């Protein structure tokens with residue numbers, strides 16, 4: 001029968017997260033200098049990561065090291081098998097620290113020289129230095145490399161982004177017979193067919209500075225009206241008169257000027 005060593009916590013009758021289950025310390029006990037030379041300089045600890053009960057005992061293995069005095073907890077293997085830094089996000093790997101990680105994240109590893117390597121964390125990808133030229137925003141170029149293009153840039157000094165062209169999806173709410181809430185997180189272009197009188201329109205999740213368009217189309221009856229959401233500043237002090245003919249659409253533009261406050265204006269009316 002194989003032999004094994006078990007270290008047990010026989011003091012705490014109710015184990016919770018953070019409790020020490022056992023520890024192995026490493027030290028020199030006979031160094032003639034005394035002091036730190038004979039103190040524990042490294043340790044392997046087992047710590048609870050949650051409350052123990054009849055069907056759960058989550059624990060982590062923690063590795064501690066230090067140049068002097070009491071060693072510091074550096075890295076751990078969680079109960080789910082993840083390798084997690086505790087006190088330092090930079091670690092050396094390789095001969096004499098030849099490979100140095102600056103950061104490790106779900107999308108890959110960033111090295112100290114600014115290069116990176118995406119790995120199986122995201123199921124594929126490539127690596128190397130950034131694609132394109134300075135200020136060009138990076139994108140996945142073909143699934144294996146990163147690319148950049150002059151059509152999409154960001155100037156961090158001026159804090160300005162340039163895009164040659166962009167578009168947004170149209171969210172069509174269809175035929176509305178009572179009320180509708182347009183979610184500005186979903187699109188900057190919303191379309192509503194007015195199918196009753198009046199239709200109450202509300203908006204949600206607007207961000208200050210956001211611009212959005214609402215396209216209102218009359219149904220086969222026409223002459224439908226709208227009750228607008230609150231706090232809209234209109235030219236002339238009131239909302240525009242909508243087209244009344246059947247099947248005709250109007251475009252209205254809006255800008256979120258403050259929290260739940262808007263500028264509104266008629267862009268074009270009578271679109272057949």
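The values are calculated or read from the model by the stated rules, or taken from the named source; none is laboratory data. Since the structure is predicted, the reported quantities are computational estimates derived from the model, not experimental observations. Virtual Cβ from ideal backbone geometry, glycine too; neighbours counted across all protein chains shown.
Every residue, every condition in (1) farther than 18 Å from residue 17 by Cβ; (2) under 31 Å from the mean Cα position of the chain (by Cα); (3) at pLDDT below 90; (4) part of a strand (DSSP E or B), yes or no:
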site	(1), (2), (3), (4)
51	no, yes, no, no
67	yes, no, yes, no
70	yes, no, yes, no
73	no, yes, yes, yes
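For region 27-42, the set of residues classified as at pLDDT 90 or above and either more than 37 Å from the chain's Cα centre (by Cα) or within 16 Å of residue 8 (Cα to Cα) (or both) is empty. Each residue in region 26-49 was checked for being surrounded by 13 or more Cβ atoms within 10 Å (Cβ to Cβ) and either outside the structural domain of residue 75 (by TED's automatic domain parsing) or assigned to a strand (DSSP E or B) (or both), and 7 of them qualify. The combined condition, being assigned to a strand (DSSP E or B), on the phi > 0 side of the Ramachandran plot and exposed (fewer than 15 other Cβ atoms within 10 Å of the Cβ), is fulfilled by residue 270. Of all residues in region 200-233, those that are on the phi > 0 side of the Ramachandran plot and surrounded by 16 or more Cβ atoms within 10 Å (Cβ to Cβ) total 0. The criterion of at least 1 residues that are modelled with pLDDT under 85 and under 24 Å from the mean Cα position of the chain (by Cα) is met by the following strands (runs of 3 or more DSSP E) wholly inside region 94-192: 99-105, 108-111, 139-141, 145-147. Taken together, 253, 206, 222 contain a single residue that is assigned to a loop (DSSP other than H, G, I, E, B), assigned by TED's automatic domain parsing to the domain that holds residue 180 and closer than 16 Å to residue 171 by Cα, which is 206.
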